[in-house]
């Protein structure tokens with residue numbers, strides 16, 4: 001019985017982690033950028049959805065949609081304010097761009113965190129669930145919303161896979177992650193592909209953020225831990241590898257759930273961190289890393 | 001020639017700044033309306049913070065390694081000193097030495113394998129280290145006081161003046177050690193290893209060994225500074241010596257002051273702490289403003305405050 005509970009609960013949270021981390025890893029794969037304002041994107045989506053549903057009475061779906069649009073806008077803001085100026089700066093040596101982008105996105109994330117804390121306080125907000133009621137999954141009473149989260153996450157990832165493998169723009173995106181220079185030689189504008197990948201990232205992180213808001217709630221205090229968990233998942237799975245991130249998301253999600261159920265909910269993040277350190281020592285390129 | 005001129009400029013500048021710093025305790029006799037003990041208190045914390053930032057810059061600016069968890073080393077030192085002082089009742093000096101040993105041992109255990117990895121992996125391990133340390137402190141709340149923190153029975157001094165002099169002396173000694181190391185031939189090799197490890201290795205230098213030496217020095221200085229800070233404050237808590245927010249502040253201070261300058265980190269740290277005090281009326285928004293300033297500096301003056309100054313000197 002407990003085993004089933006862990007299985008069902010872990011599946012929902014892992015699917016959410018996977019969706020958030022896939023966007024994060026896509027950006028790294030295509031442009032080599034690790035976005036440390038990632039948690040900010042997710043929380044912005046949840047906050048805006050909550051605000052719009054509560055104050056403008058748009059209904060749950062309309063609010064979720066506006067939340068996702070806000071996440072896309074925030075992703076573009078991150079790109080234009082904290083990433084592109086550094087990529088183009090002449091004063092910063094090439095080999096140090098990476099660390100400068102890490103620092104600038106980190107600062108950008110802190111700015112959005114303090115701004116949210118100032119305007120909305122640090123209290124967590126809960127977005128109303130997309131569907132009410134409970135269903136029985138493997139004889140475990142589960143909120144319908146939790147089932148919907150898992151289904152939606154996989155649906156979105158399936159759509160992403162279709163986009164990358166079947167459309168021209170998607171194939172260009174994939175090519176950019178393999179060999180950007182060859183792609184520009186073929187006549188593709190790399191900067192437009194970067195814009196595309198940030199837009200896709202905004203959609204993925206936005207959906208993940210709104211769903212997280214309906215499930216666990218969101219507050220400005222979550223921004224750091226959300227970024228850290230996405231960062232760990234992506235490293236565990238192998239930097240830039242989407243399938244690796246998926247596997248790692250379930251590893252981390254299930255370890256957290258098992259610890260929360262069997263040991264103590266307050267310790268849920270510890271085993272995943274220890275596994276991460278061990279993996280780095282034994283297999284630093286991650287589960288499906290390229291290097 | 002330029003090099004010696006520059007270093008003499010830096011040296012002269014440091015002497016002037018140091019003389020000004022030594023005058024602060026006597027300000028009250030000249031302008032009586034300034035709250036001198038308050039100003040001294042702010043500067044005392046800022047000086048310890050400066051040592052944190054210098055230790056970080058040695059790793060980042062010279063060894064080319066991004067340590068996202070300077071507070072792992074600082075926190076290890078601080079908590080080791082606090083626990084020993086509380087449980088074994090050792091006096092302050094042995095506690096501080098124990099703090100250095102603890103920070104060095106903990107740092108080596110965790111970072112030694114990570115130093116051999118390339119790319120962002122070292123950064124990640126150090127980030128995880130902070131999160132783990134924070135969890136461990138909370139789990140063993142029975143001894144460590146958990147999230148609330150613990151008081152230490154011994155303090156350095158209860159006089160603001162004495163504390164200020166101790167902090168200033170500690171800052172000067174630390175700066176001399178770290179700056180001297182960075183400017184020595186060892187520092188040059190380290191810089192080469194950080195910028196092009198393959199070429200440095202081809203020249204016959206053991207890159208891992210030099211990075212390890214720099215990391216050890218950084219760990220010892222961080223641990224000692226962490227211990228000194230809690231003996232100044234009289235308490236150790238996660239919010240003051242371990243939290244990621246503090247780690248971020250250390251990084252901001254070093255980058256703001258100018259990476260690969262060591263002394264710039266002190267300027268950055270003092271600036272950051274003073275800005276925090278000046279912006280205090282803004283409440284929660286003060287962090288926002290500090291982060292914004294730091295972001296603007298990174299975007300427009302990536303060499304930082306002191307770096308900018310030195311570059312202007314180079315062009316002349």
Subset of the range B:230-247, residues modelled with pLDDT under 90, part of a helix (DSSP H, G or I) and crowded, with 23+ Cβ neighbours inside 10 Å, comes to B:241, B:247
So in the range A:86-97, with the set limited to residues that are within 8 Å of chain B (Cβ to nearest Cβ) and surrounded by fewer than 17 Cβ atoms within 10 Å (Cβ to Cβ), which one is nearest to residue A:200 (Cα to Cα)? A:89
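Out of A:204, A:212, I need the residue that is away from every other protein chain (no Cβ under 12 Å), closer than 25 Å to residue A:79 by Cβ and in contact with a strand residue (DSSP E or B) (Cβ under 7 Å, 6 or more places away or on another chain). Which one? Steps first, answer last, please.
Details: A:204 fails: in contact with a strand residue (DSSP E or B) (Cβ under 7 Å, 6 or more places away or on another chain).
None of the other options fit; the residue is A:212.
Go through A:72, A:66, A:48 for me and flag whichever is within 15 Å of the chain's Cα centre (by Cα), at pLDDT 90 or above and either closer than 18 Å to residue A:227 by Cβ or surrounded by 17 or more Cβ atoms within 10 Å (Cβ to Cβ) (or both).
Details: A:66 fails: within 15 Å of the chain's Cα centre (by Cα); A:48 fails: within 15 Å of the chain's Cα centre (by Cα).
Exactly one of A:72, A:66, A:48 is within 15 Å of the chain's Cα centre (by Cα), at pLDDT 90 or above and either closer than 18 Å to residue A:227 by Cβ or surrounded by 17 or more Cβ atoms within 10 Å (Cβ to Cβ) (or both), namely A:72.
If the requirement is being surrounded by fewer than 19 Cβ atoms within 10 Å (Cβ to Cβ) and free of Cβ contacts under 8 Å to residues at least 60 places away in the same chain, which of these qualifies: B:92, B:87? First the steps, then the outcome.
On the way: B:92 fails: free of Cβ contacts under 8 Å to residues at least 60 places away in the same chain.
Just one listed residue meets the conditions, B:87.
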Of the criteria (1) more than 21 Å from the chain's Cα centre (by Cα); (2) within 30 Å of residue A:53 (Cα to Cα), which one residue A:166 fails: (2)
Looking at (1) surrounded by 22 or more Cβ atoms within 10 Å (Cβ to Cβ); (2) closer than 20 Å to residue A:36 by Cα; (3) within 14 Å of chain B (Cβ to nearest Cβ), which is the one condition that is false for residue A:256? (2)
Failed criterion for residue B:212 (all others in (1) over 13 Å from the mean Cα position of the chain (by Cα); (2) surrounded by fewer than 24 Cβ atoms within 10 Å (Cβ to Cβ); (3) within 14 Å of another protein chain (Cβ to nearest Cβ) hold): (3)
Would you check if residue B:82 is touching a strand residue (DSSP E or B) at 6+ places or on another chain (Cβ under 9 Å), surrounded by 20 or more Cβ atoms within 10 Å (Cβ to Cβ) and more than 24 Å from residue B:212 (Cβ to Cβ)? yes
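Going by the conditions given, is residue B:196 within 14 Å of chain A (Cβ to nearest Cβ) and closer than 24 Å to residue B:160 by Cα? Spell out how you get there, then give the answer.
Numbers: within 14 Å of chain A (Cβ to nearest Cβ): yes; closer than 24 Å to residue B:160 by Cα: no.
Criteria not met by residue B:196.
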Could you check the range B:108-220 for helices (runs of 4 or more DSSP H) lying wholly inside it with 2 or more residues that are closer than 23 Å to residue A:236 by Cβ? B:121-139
Being within 12 Å of another protein chain (Cβ to nearest Cβ) and part of a helix (DSSP H, G or I) is the filter here, so list the residues in the range B:254-273 that pass it. B:254, B:255, B:256
Listed by first then second residue, the pairs whose first member lies in the range B:173-190 and is in contact (Cβ under 8 Å) with a residue 60 or more places away in the chain, whose partner is in a helix (DSSP H, G or I) and surrounded by fewer than 20 Cβ atoms within 10 Å (Cβ to Cβ), with beta carbons under 6 Å and at least 6 positions apart or on separate chains, are B:187/B:181
In the range A:156-173, is there at least one residue being surrounded by 14 or more Cβ atoms within 10 Å (Cβ to Cβ), within 14 Å of chain B (Cβ to nearest Cβ) and under 22 Å from residue A:76 (Cα atoms)? no
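A quick yes/no check of all residues on (1) in contact with a strand residue (DSSP E or B) (Cβ under 9 Å, 6 or more places away or on another chain); (2) at the interface with chain B (Cβ under 10 Å from one of its Cβ atoms); (3) within 19 Å of residue A:30 (Cβ to Cβ):
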residue	(1), (2), (3)
A:224	no, yes, no
A:235	no, yes, yes
A:240	no, no, yes
A:250	no, no, no
A:277	no, yes, no
So, in the range B:204-213, exactly how many residues are closer than 10 Å to residue B:189 by Cα and free of Cβ contacts under 8 Å to residues at least 40 places away in the same chain? 3
What number of residues within the range A:110-135 satisfy the criterion of being touching a residue at least 12 places away in the same chain (Cβ under 8 Å) and over 30 Å from residue B:295 (Cα atoms)? 8
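The values are calculated or read from the model by the stated rules, or taken from the named source; none is laboratory data. Treat the numbers as computed from the prediction; the structure is a model and nothing was measured. All Cβ positions, glycine included, derive from the backbone under ideal geometry; neighbour counts span all protein chains shown.
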